[in-house]
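Asker: The structure is given below, and queries will be raised subsequently.
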Amino acid sequence: MNYDTQQCVLLDKKELAPGVFDFWVDSESFAQSAQPGQFAHLLVPGKTLRRPISICDVDRERGALRLVFEVRGEGTRILSQTKIGEHLDILAPLGHGFTLGDASEKAVFVGGGIGVPPLLYAARHYGGNATVILGFRNRDAVILEQDFRDAGCNVIVTTDDGSYGVHGFVTASLAQALNKQTDRVFACGPTPMLKAVAASAEQAGTPCQVSLEERMGCGVGACLVCACKIKAGDSETFRHVCKDGPVFDAKEVVW
């Protein structure tokens, strides 16, 4: 794992939805080396532990890294108050990301809530060959829909309450997509959603990669906080989401 710590200038900042912030930070080396599905670890002023934030996208021409995150506690609230022009202490790129296939393959991406941002960079690789299914609580929570469309992807948005897009969960739209040619499935979101996506992909005989979320301390596999149970032959073992993941083959995960 090759990573570095840098002081990165905040170039752009938006609030995409209530409590969901979109940062572009200046880092030529991170933009060149980051892979889809990896994450960054941000130092929070006044806090000991860094906060892990998935890498949403990169702009290699501008030398910039995109980070989209939700305010979930005091640490992310402090990060959200960073002003354009200020510096962020970032450790990146971290973790094992998505293994992408040939861009001519048909890929389906399934994201739920704040699990949507890590999929954009990967879906961009497939462009028009990607079907992207995004699930949110309601209309107000929808983020990045237009970004996926701008990348050429076929986008389906679902909402739990039916206030926007398709009424229901992502699993129904996934079942329809799997009835067509699908070479790979990629997913990121809440664990119950990932479990359901993995089961549907396995039933269809389609390879599936899932990005897991666990509480992290160090971000590099030293503190052992983010252990998850993984199948190892006929037995089970533990792997670290920060170092061995966050992306795993769905068949390996002990749900």
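Asker: Answer yes or no: is there a residue in the stretch 206-221 that is free of Cβ contacts under 8 Å to residues at least 60 places away in the same chain and in a strand (DSSP E or B).
Answerer: yes
Asker: All but one of (1) surrounded by 13 or more Cβ atoms within 10 Å (Cβ to Cβ); (2) within 19 Å of VAL185 (Cα to Cα) hold for VAL254; state the number of the condition that does not hold.
Answerer: (1)
Asker: State whether one or more residues within the stretch 5-14 are among the polar types (S, T, N, Q), within 24 Å of VAL110 (Cα to Cα) and touching a helix residue (DSSP H, G or I) at 6+ places or on another chain (Cβ under 9 Å).
Answerer: Among the residues of the stretch 5-14, not one is among the polar types (S, T, N, Q), within 24 Å of VAL110 (Cα to Cα) and touching a helix residue (DSSP H, G or I) at 6+ places or on another chain (Cβ under 9 Å), which makes the answer no.
Asker: Out of (1) under 30 Å from PHE169 (Cβ atoms); (2) under 16 Å from the mean Cα position of the chain (by Cα), what's the single condition that is false for LYS14?
Answerer: Every listed condition holds for LYS14 apart from (2).
Asker: Which members of the stretch 198-255 meet the condition of being on the phi > 0 side of the Ramachandran plot and out of contact with any strand residue (DSSP E or B) (no Cβ under 9 Å at 6 or more places or on another chain)?
Answerer: Those that are on the phi > 0 side of the Ramachandran plot and out of contact with any strand residue (DSSP E or B) (no Cβ under 9 Å at 6 or more places or on another chain): GLY205, GLY233.
Asker: Can you tell me which residue is farthest from GLY97 (Cα to Cα) among those in the stretch 148-203 that are part of a strand (DSSP E or B) and in contact with a His (Cβ under 8 Å, 6 or more places away or on another chain)?
Answerer: The extreme case among them is THR159.
Asker: Given the conditions (1) closer than 20 Å to GLY113 by Cα; (2) in contact (Cβ under 8 Å) with a residue 40 or more places away in the chain, report the number of the one that GLU202 does not fulfil.
Answerer: Of (1) closer than 20 Å to GLY113 by Cα; (2) in contact (Cβ under 8 Å) with a residue 40 or more places away in the chain, only one is false for GLU202: (1).
Asker: Right, next: Enumerate the pairs (first residue in the stretch 76-101 and open to solvent by 10 Å² or more (accessible area, probe 1.4 Å); second residue anywhere and part of a helix (DSSP H, G or I)) with beta-carbon separation below 7 Å, excluding pairs fewer than 6 apart on the same chain, so at least 6 apart or on different chains.
Answerer: Hits for this filter: PHE98/ALA122; LEU100/ALA122; LEU100/HIS125.
Asker: May I pose another question? Are any residues in the stretch 81-112 out of contact with any Asp or Glu (no Cβ under 8 Å at 6 or more places or on another chain) and over 22 Å from LEU212 (Cα atoms), and if so, which ones?
Answerer: GLN81, THR82, LYS83, GLY85, GLU86, HIS87, LEU88, ASP89, ASP102, ALA103, SER104
Asker: So for the stretch 239-254 (the condition being touching a Phe, Trp or Tyr at 6+ places or on another chain (Cβ under 8 Å) and either at pLDDT 95 or above or in a helix (DSSP H, G or I) (or both)), does at least one residue qualify?
Answerer: The answer is yes, given that some residue of the stretch 239-254 is touching a Phe, Trp or Tyr at 6+ places or on another chain (Cβ under 8 Å) and either at pLDDT 95 or above or in a helix (DSSP H, G or I) (or both).
Asker: Need at least 3 residues that are under 16 Å from VAL220 (Cβ atoms) per element, so show me which strands (runs of 3 or more DSSP E) inside the stretch 1-108 make the cut, counting only ones lying wholly within it.
Answerer: Of the strands (runs of 3 or more DSSP E) lying wholly inside the stretch 1-108, those with at least 3 residues that are under 16 Å from VAL220 (Cβ atoms) span 4-17, 39-42, 51-59, 87-94.
Asker: Taking the stretch 154-182, which residues are in contact with a Leu (Cβ under 9 Å, 6 or more places away or on another chain), open to solvent by less than 20 Å² (accessible area, probe 1.4 Å) and among the hydrophobic types (A, V, I, L, M, F, W, C)?
Answerer: Answer for the stretch 154-182, where residues must be in contact with a Leu (Cβ under 9 Å, 6 or more places away or on another chain), open to solvent by less than 20 Å² (accessible area, probe 1.4 Å) and among the hydrophobic types (A, V, I, L, M, F, W, C): VAL155, VAL157, VAL170.
Asker: Still on this structure, I have one more. Determine the pairs where a residue that is over 13 Å from PHE248 (Cα atoms), located within the stretch 224-235, has a partner that is in a loop (DSSP other than H, G, I, E, B) and not hydrophobic (A, V, I, L, M, F, W, C) with Cβ atoms under 7 Å apart, the partner being 6 or more residues away or on another chain.
Answerer: From residues that are over 13 Å from PHE248 (Cα atoms), the pairs are VAL225/ARG215; VAL225/GLY217; CYS226/GLU214; CYS226/ARG215.
Asker: Here's something else I'd like to know. When you scan the stretch 135-143, do you find a residue that is within 19 Å of ASP59 (Cα to Cα), touching a residue at least 12 places away in the same chain (Cβ under 8 Å), part of a strand (DSSP E or B) and in contact with a strand residue (DSSP E or B) (Cβ under 6 Å, 6 or more places away or on another chain), even just one?
Answerer: Within the stretch 135-143, not a single residue is within 19 Å of ASP59 (Cα to Cα), touching a residue at least 12 places away in the same chain (Cβ under 8 Å), part of a strand (DSSP E or B) and in contact with a strand residue (DSSP E or B) (Cβ under 6 Å, 6 or more places away or on another chain).
Asker: Return the total of residues in the stretch 38-58 being open to solvent by less than 50 Å² (accessible area, probe 1.4 Å) and either among the β-branched types (Val, Ile, Thr) or more than 17 Å from the chain's Cα centre (by Cα) (or both).
Answerer: So the count comes out to 5.
The values are calculated or read from the model by the stated rules, or taken from the named source; none is laboratory data. Every value quoted in this text rests on a predicted model; they were computed, and no experiment measured them. Heads up, the Cβs are rebuilt from the backbone with ideal geometry, glycines too, and the neighbour counts pull from every protein chain shown. We work out accessible area using only protein heavy atoms, side chains counted, and drop any ligands, DNA or RNA first. Shrake-Rupley method; radii C 1.70, N 1.55, O 1.52, S 1.80 Å.
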